[in-house]
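Data block below; observations after.
The values are calculated or read from the model by the stated rules, or taken from the named source; none is laboratory data. The structure presented is a predicted model; accordingly, all values stated were derived computationally and were not measured. Note that we place each Cβ from the backbone using ideal geometry, even for glycine, and neighbour counts take in every protein chain shown. Side chains are part of the model used for accessible areas, which takes the heavy atoms of the whole protein and leaves out ligands, DNA and RNA. Shrake-Rupley method; radii C 1.70, N 1.55, O 1.52, S 1.80 Å.
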Amino acid sequence: MNAYNILIIDDNPMNLMLTSKILEGFGYSVRTALSGAQGLELMTQEMPSLILLDISMPDMDGYEVCELIKKNENWTEIPVIFLTANTMTEDLIKGFEKGGVDYITKPFKSEELSVRVKTHLELYESKNEILKMNKQRDKLYSIIAHDIRSPLSGILQTVDAIEQGYFDPSGEDFKEIIHHLKIRTQETTTLLNSLLQWSRVKSDKFEINPSQTNIYVVVSSCIQLLHANADYKNINIHFDSNTDAIAWCDEVSIHTVIRNLISNAIKFTQSNGSIWIRTSQTEDKIRIEVIDTGVGMTNDTISAIFDKNEHLTTSGTNNEQGTGLGLMLVKEFVEKNNGKIFVESVIGKGSTFVVELPVIKSI
């Protein structure tokens, strides 16, 4: 059965029956209404994917119905195809002016009806996808504009204070200030890198190049990159894995995945805490676990962290900042590598992130 549902509004019962039978034969779900008022009522119950609308109806003609549909912000993008026996140019123009996308002249052939409906459903779906992408893009830019302003402002203020001579370069406080300045700079760099990677994922320029990848080597590299962050909070990282742990994946993107998960574990684990990274392997998949003794998450937070429509950014235990882009990027990369990711967490006890990747090439 086709996922699309079509609403037919026509005051002629025979026309309704014939048109609905044709569309049902092509796999569409169909609802019918004998008047404009009845059709509008049905739309409040379930929004159709497309509307076939007869022009000549008593009480409220098709033009009036279409005008009311287009005035409703929830319905305005639904394609309306007029059904008419009149091919007068001025009438067709009026239909387009009221918001119709096409017209079909009665009597019509089933193949013509099917092609017209299919075409406008595909256009409708493509338009919705573009609108959705634009909303996500605008939201992403809003996140970046908001979150990049804070670390840059802090960096500029600190540099200005140093330039004005407010700090003694030989004092212990100065070393601490330089350290925090370095962290802020790293946070900003991480943000920009995430933005670039996210942009690549959303464009056609991003390519996955899977191969036999040694996960032990990838994880070891990530630990080496982040050990200074862990040492600063006196966090112990334990790594338990066979040296020949292999996955069929793109090494660059999975390196980003593991690096983000370890970085998050460090961020949300208190000083003197611990992180364990473990791998286990079966014939068809490898399982990578990143376990921390951190602050943990609620079920609502777990539901939101991978949601494209959510913007969840939380400060770490040492007030480390983030944008919420990291885990969204992680999910995208894992799925592009034909893998899965899920998380378990308990407030006050910590979180476990699990990534599963294939070990053999997908056929």
Quiz prompt | Other-chain or far-sequence residues with amide H under 5 Å of residue 269's (modelled H) | solution = 317
Practice problem: Please give the contour-minus-distance gain from residue 118 to residue 163: 0.36 nm per residue of separation, less the Cα-Cα distance, rounded to one decimal in nm. | Solution: 9.6 nm
Exercise. Please work out how much length the chain gains when fully extended from residue 207 to residue 24, using 0.36 nm per residue of separation minus the C-alpha to C-alpha distance, in nm with one decimal.
Key: 61.9 nm
Exercise. Would you mind getting me the FRET efficiency between residue 280 and residue 42? Use the beta-carbon distance for r and R0 = 56 Å, nearest 0.05.
Key: 0.55
Practice problem: Pull up all non-local amide H partners of residue 239: gap of 5 or more, or a different chain, and H-to-H distance under 5 Å with H placed in the peptide plane. | Solution: 277
Exercise. Just list whichever of 118/361; 182/361; 70/118; 135/340 have alpha carbons separated by over 32 Å in the model shown.
Key: 118/361; 182/361
Self-check item: Mean Cβ count within 10 Å, highest first, over the residues of peptides 168-174, 252-258
Solution: 252-258, 168-174
Exercise. List the trypsin sites (Lys or Arg not before Pro) within region 46-129 that fall in a DSSP loop (any state other than H, G, I, E or B) and whose Cβ has at most 12 other Cβ atoms within 10 Å.
Key: 109
Practice problem: Express in nm, to one decimal, how much length is gained between residue 217 and residue 132 on full extension, taking 0.36 nm for each residue of separation and deducting their alpha carbon distance. | Solution: 26.8 nm
Quiz item: Given H placed on each backbone N at 1.01 Å, which residues far from residue 8 in sequence or on other chains put an amide H within less than 5 Å of it?
Solution: 31, 32, 33, 52
Quiz prompt | Per-residue ³J(HN,Hα) for region 278-291, Karplus 6.51 cos²θ - 1.76 cosθ + 1.60, θ = phi - 60°, Hz, x for Gly and Pro | solution = 10, 10, 9, 9, 10, 5, 10, 8, 10, 10, 10, 10, 10, 10
Quiz item: Based on the alpha-carbon gyration tensor of region 1-86 and its eigenvalue square roots a ≥ b ≥ c, which shape applies: rounded if a/c is under 1.5, prolate if not and a/b is larger than b/c, or oblate?
Solution: oblate
Self-check item: Accessible surface, per residue, of region 1-117 when the full set of protein chains is kept, probe 1.4 Å, Å²
Solution: 51 Å²
Quiz prompt | region 64-79 - phi-based ³J(HN,Hα) in whole Hz, Karplus 6.51/-1.76/1.60, Gly and Pro as x | solution = 5, 4, 4, 4, 5, 4, 6, 7, 8, 5, 7, 10, 4, 8, 5, x
Quiz item: Could you give the nm distance between label points at residue 5 and residue 17, where each point is 7 Å from its Cα heading toward the beta carbon?
Solution: 2.4 nm
Quiz prompt | Carbon plus sulfur fraction of accessible area for region 1-42, probe 1.4 Å, in percent | solution = 60 percent
